[in-house]
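This report refers to the structure that appears directly beneath it.
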Amino acid sequence: MSDHTTTLTVDGSPIELGSDSPWPAAMSLNLGGYSSLTLARRGGTLPGLVDPWMGKTVSLAIDGTTYFAGRIVDNEVSFPVGGLTTTYLCRDLRAEADRTALTDDYSLTDSAAYNFKSDSPFYSTSRSGKSVGEILADVLTMEVNASFLHSKGIGGYTVTAGPPTTYTLPSSTLADLAALTLIPVQEIRVSGGKLLSALATWLESVQPNHRLHVMGDGTIRVFNLRSVSEHTFTLDFDKVNPPSLRRSVADCYQRVLIRGTPINEGKMYSTALGGLLEKFAWGSYTTNAAAKAAWRTTDYAQDQLARSEGTCTCTDTLTVVLTSNPTTQTWAANAWNQSHGQGYIRLWSTTLTGYSQSVTRLVTSNTSKSSGGTSTFTLDQPLPDLSYDHFTLYGVSSGASYVWRKYQVADSSVWAALQRQFSTPQHFIGSNGDSVSTTSYPIGSVCWSASGSPPYNEFPLFIHSIDNDTGEIIFVAPTYNIAGGPPADVRALLAVNTGTLEAVAPASGYEGTSHDVEGLEETWLVTLPDWKDPGNQSNMEAYAQELLDSVKDSMVEGTVVLNDLWLDALSFGVGVSLTGDGYTTGWEDLNLPVTGVNVTWNNQSASHWTTNLQVGNRFAPLGQAQFMRPERPPASSGWGAFNQQGADVLNKAFGVGSTEGAKS
């Protein structure tokens, strides 16, 4: 049998291992979780009410290397055949670290925020665009967290006195963290009442193939289960029992196809070039010319056909019954929904107080109303209370209020492809080429000049709605008001779908042992609505490969028992393959990562060991966000130095103040 030296230290003092002293019975090491050490003492006297061993620190070293450290937390007295036995249970340093909560240096709470968008109240320049490794390193070196871990003998920090006191992680930990280069695109909160468990849980949620582990000497390491050093045991030759292994293809795929959102491009349409058409006709005004001749500014500013107010009752949180004042108002079914009237309703309560006294909701449907009758409205979001008793209803009619506001894309083939947001921010270049701005959303502009020819005055105009069935876009204000008369050109930069984002692995065919051995050919189809930016293509291809790596090989897991002590396994980062003495097993290339080790000292002897290895290649696949770089932030719709006619243009756009040149 192998000859090794076991050193047990309790409360800082080495213990002479003998018949009357605690002897290591078993050590269970769990990669990424809690580990434990069991000590057993035979004979002696009852420990009594106050056991001098309870609560003391403990460490165990083999051949001078510490593989376990922690604290004695439990004892049990029994009387087996051999007489009085006292068994002690020791918890490891990971458990010691979890006796405090994570503490954020900024908020002094148990939640640390990273990668929040710039418009969030939690945004921090120093905490934006952080990789997984950078986030872990930041939390581990926050002063409150690091000082607690250091006091428990965890972290292996180099401490520099302050203020503030700084804690530097050892090179081995920093190297592990530096390899975690993925930058999550979602807003991150690392939080929890147990310090290291909070970090380990978050790590596994964003990179599940990795495990955070506290080594016996207190060093914090991160292991990649897909990259382990292979060790081959020979059955019938090495001191290894026939293994118990299970093979499964239940969760295997041999190809991965990721689909993101549709790709769209910014395309410019204008009335001057014929890409954008006036769509003003309504009612008896069957032509654009007739509708324009009949139009007045008040048709937009005071659209009385699309206003109502009165009293109401709430039958449930999504349904309101309206009684108009005057009661003679009438309208058709769904005249106020988002496909026709674009209606919204403001409700008021004469009994409530505070922020719930008034609420605003969009109208999703309504019943018809006859003179003297009521109408039932369905809302888009639940109400916080049922005591609302007054309403004001707003909308737009389908007639005169759309003159100078409703335009249509001439090419009907793109109607269905029109979108409400660009895949990536687009440049809007002024009609004269003397200005540029960036926008994430479709937007228009109005051009005019005294001569009716370039160079133009130009001003932006936001888009109220887009109809994919008709290709119609409605601006928030009449283009006539902005130009002070008929505009020379109306332009619209619109988002048009041109395809779908896709990433595939492998580039062709299939791969993995479930394909090479079992002959399976199945594709895992993954839909990722968070993938909107074509600039993430290479990262998503890497993600597709990562997903494939986690499911392509037939899953093999189980136990391997050695009738000896294998020290390499106690430090993890190793894998096991099995061959036969003069024959093949089919397990020669498994390289199954060791995820758990249980060492037993048989009969209180340092020369009789049993090492039980938990091995397996079942890895949880990564979440899609972990392989996407942060999206390009939505751009504002602000504009550059357009050739404008003064600040009152905004007022004119919405029918306020000067309406020079408009009909009265």
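The values are calculated or read from the model by the stated rules, or taken from the named source; none is laboratory data. Treat the numbers as computed from the prediction; the structure is a model and nothing was measured. Neighbour counts run over all protein chains shown; Cβ positions are idealised from the backbone, glycine included. When the accessible area is computed, the model is the full protein with side chains, heavy atoms only, and any ligands, DNA or RNA have been set aside. Shrake-Rupley method; radii C 1.70, N 1.55, O 1.52, S 1.80 Å.
If you take the Cα Rg of the chain and divide it by 2.2 N^0.38 Å, with N the number of residues, what do you get? Please list the in-between numbers first.
Details: Rg = 35.7 Å, N = 664, 2.2 N^0.38 = 26.0 Å.
Rg over 2.2 N^0.38 Å, computed on Cα atoms: 1.37.
With loop membership from DSSP and a limit of 15 other Cβ atoms within 10 Å, the longest segment of the chain without GluC sites (Glu not before Pro) is 188-517. Assuming a viscosity of 1.306 mPa s and a temperature of 10 °C, what translational diffusion coefficient in µm² per second does Stokes-Einstein assign to segment 156-260, Rh being the Kirkwood radius over Cα pairs? For these conditions, the coefficient is 88 µm²/s. Under 5 Å from the amide H of ALA40 lie the amide H atoms of TRP23, ALA25, TYR88, each residue being 5 or more positions distant or on a separate chain, with H modelled from the backbone and absent for Pro and chain starts. What is the distance in Å between the Cα centres of segment 394-472 and segment 208-265? Between the Cα centres of segment 394-472 and segment 208-265 lies a distance of 53 Å. Normalised Debye scattering of segment 50-154 at q = 0.10, 0.18, 0.21 Å⁻¹ gives log10 I(q)/I(0) of -0.48, -0.95, -1.11, counting only Cα atoms as equal scatterers and leaving out solvent.
Electrostatic tally near CYS252: other residues with Cβ closer than 9 Å to its Cβ, Lys and Arg +1, Asp and Glu -1, net -3.
Determine, for each peptide in 364-373, 97-106, the mean count of other beta carbons within 10 angstrom over its residues, then list the peptides with the highest first. Working shown, then result.
Numbers: 364-373: 15.6, 97-106: 18.2.
Ranking, from highest mean packing down: 97-106, 364-373.
Here, segment 217-318 has an Rg and a Dmax of 36.5, 100 Å when only alpha carbons are counted. Taking amide H atoms as placed 1.01 Å from N in the peptide plane, the amide H of ASP217 has no partner under 5 Å among residues 5 or more positions away or on other chains. Cross-link pairs exceeding 23 Å in C-alpha to C-alpha distance, out of LYS56/LYS194; LYS369/LYS406; LYS532/LYS552; LYS130/LYS532, comprise LYS369/LYS406; LYS532/LYS552.
Translational diffusion of segment 370-425, estimated by Stokes-Einstein from the Kirkwood radius over alpha carbon pairs at 20 °C in a medium of 1.002 mPa s, is 128 µm² per second. Using the Cα coordinates of segment 448-605, the gyration tensor eigenvalues translate into equivalent-ellipsoid semi-axes of 68, 19, 12 Å, sorted from longest to shortest.
With a 1.4 Å probe and all protein chains left in place, how much accessible area per residue does the chain have, in Å²?
Values: 30130 Å² over 664 residues.
Spelled out: the 1.4 Å probe surface of the chain, per residue, equals 45 Å².
For segment 578-587, backbone phi angles converted through the Karplus equation (6.51, -1.76, 1.60; θ = phi - 60°) give residue-by-residue couplings of 10, 10, x, 7, x, 8, 9, 10, x, 10 Hz, Gly and Pro being listed as x.
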